[in-house]
Amino acid sequence: HLTGDQIIRVVSSTLQRFAPPGGLAARYGGEEFLIILPNCPIEDASTKAEQIRSRIESLTEAHQARVSASIGVAAVPTTSATASDLIPLADAALFRAKRAGKNRVEQLGAVPLLMTSQYGSLALPEA
């Protein structure tokens, strides 16, 4: 079985492949990651988030360890008035995904599509 650190490295590598030119995929803390997708409409970001979630979940079978991803999606101006609102709103969507049963993609309702942020949390196998 992969250890938690090894799984985080595999997830990080997976996220890097999803980041477009000019975008950013980075570890944002512990088991949390951030992906910035410039000029990506929220519908496309949500589709990409689901592809990421599915790819991360597929690590379960490959490595005989339960791996899942809860992902929150936010976008300017769809869910956020400014870029500085993206992370807190994506975080709120992430917590909605966790409360709704984990291993899912959520976005908050629209506020009043330039930069989109996906923010996810990795569920590591229990020791």
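A Förster radius of 22 Å combined with the Cβ-Cβ distance from Ala62 to Glu32 puts the calculated FRET efficiency at roughly 0.50.
Here's how it looks for Leu24: its modeled amide H is under 5 Å from those of Ile36, which are all 5 or more places away or on a different chain.
In order along segment 28-43, phi translates into HN-Hα couplings of 9, x, x, 10, 10, 10, 10, 10, 9, 10, x, 6, 10, x, 4, 5 Hz, rounded to whole numbers, per the Karplus curve 6.51 cos²θ - 1.76 cosθ + 1.60 with θ = phi - 60° and x for Gly and Pro.
Between Phe95 and Ser54, the modelled label-to-label distance comes to 3.0 nm, taking each label 7 Å out from Cα in the direction of the beta carbon.
The numbers here are math on the coordinates, done by the rules we state, and not lab data. Keep in mind the model is a prediction, meaning the values are calculated, not measured. Quick reminder, even Gly has a Cβ in these numbers, built from the backbone with ideal geometry, and neighbours come from all protein chains shown.
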